[in-house]
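The values are calculated or read from the model by the stated rules, or taken from the named source; none is laboratory data. Predicted model only: the values in this text are computed from it and were never measured. No Cβ is skipped: glycine too gets one built from the backbone with ideal geometry, and neighbour counts run over all protein chains shown. Ligands, DNA and RNA are excluded from the accessible area calculation, which covers all protein heavy atoms including side chains. Shrake-Rupley method; radii C 1.70, N 1.55, O 1.52, S 1.80 Å.
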Amino acid sequence: MNENISQITKYIEMVPFWAIALFTFAIMGGILIEIINRKRRSYAIENFRNTIETEFAALYPKHKVWPKNIQEFFAVRMPELQHNFEVLRLFIRQDRLLQYNTDWNNFRDFCRNITDEQCEANAYRPKVMTGDQQEVPAKDPKEVFHKLVDDLLKYTHM
């Protein structure tokens, strides 16, 4: 063991000081970049969650009422959501990125395709009977919206 320690100390004595200083600065720079990236990631997550919670306050987490002219309601809010989606995408791990993009596309398609008529018609829609006489509720836009938002928000957990 003493041989190894003496060999390391002789090596350090022979190495020029500038190499050790450069190595130290590189390590410190890496640590600083990691701290900055963690802070940026937490801001991106916070902004994404905050945007969803404020822009959809009437719809999520407790659904109060569908706004009139639902397509316009979503169209006005979509640019800010798109921006926050793009920022958060930078911090999603590669193995989860495909699912994150798929969840966003599903949410965006829902927001583009939902109409006031669908929301109103669902209020009076009867339950659908399956072959073995079990009642299955028809797809409720509220439930679909909540599932899509929940799917997006699962990426905001650290």
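Per-structure values
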item	result
So T24, is it surrounded by 10 or more Cβ atoms within 10 Å (Cβ to Cβ), touching a residue at least 12 places away in the same chain (Cβ under 8 Å), part of a helix (DSSP H, G or I) and of a type in the set (S, T, Y)	no
Where I70 falls short, out of the listed (1) in contact (Cβ under 8 Å) with a residue 40 or more places away in the chain; (2) closer than 19 Å to Y155 by Cβ	(2)
Members of region 53-90 that are under 15 Å from R112 (Cα atoms), surrounded by 13 or more Cβ atoms within 10 Å (Cβ to Cβ) and of a type in the set (V, I, T)	I70
Matching residues in region 91-119 - criterion: being more than 22 Å from the chain's Cα centre (by Cα) and either modelled with pLDDT of 95 or more or surrounded by 13 or more Cβ atoms within 10 Å (Cβ to Cβ) (or both)	I114, D116, Q118, C119
The one condition in (1) open to solvent by 80 Å² or more (accessible area, probe 1.4 Å); (2) part of a helix (DSSP H, G or I); (3) of a type in the set (V, I, T) that I45 fails to fulfil	(1)
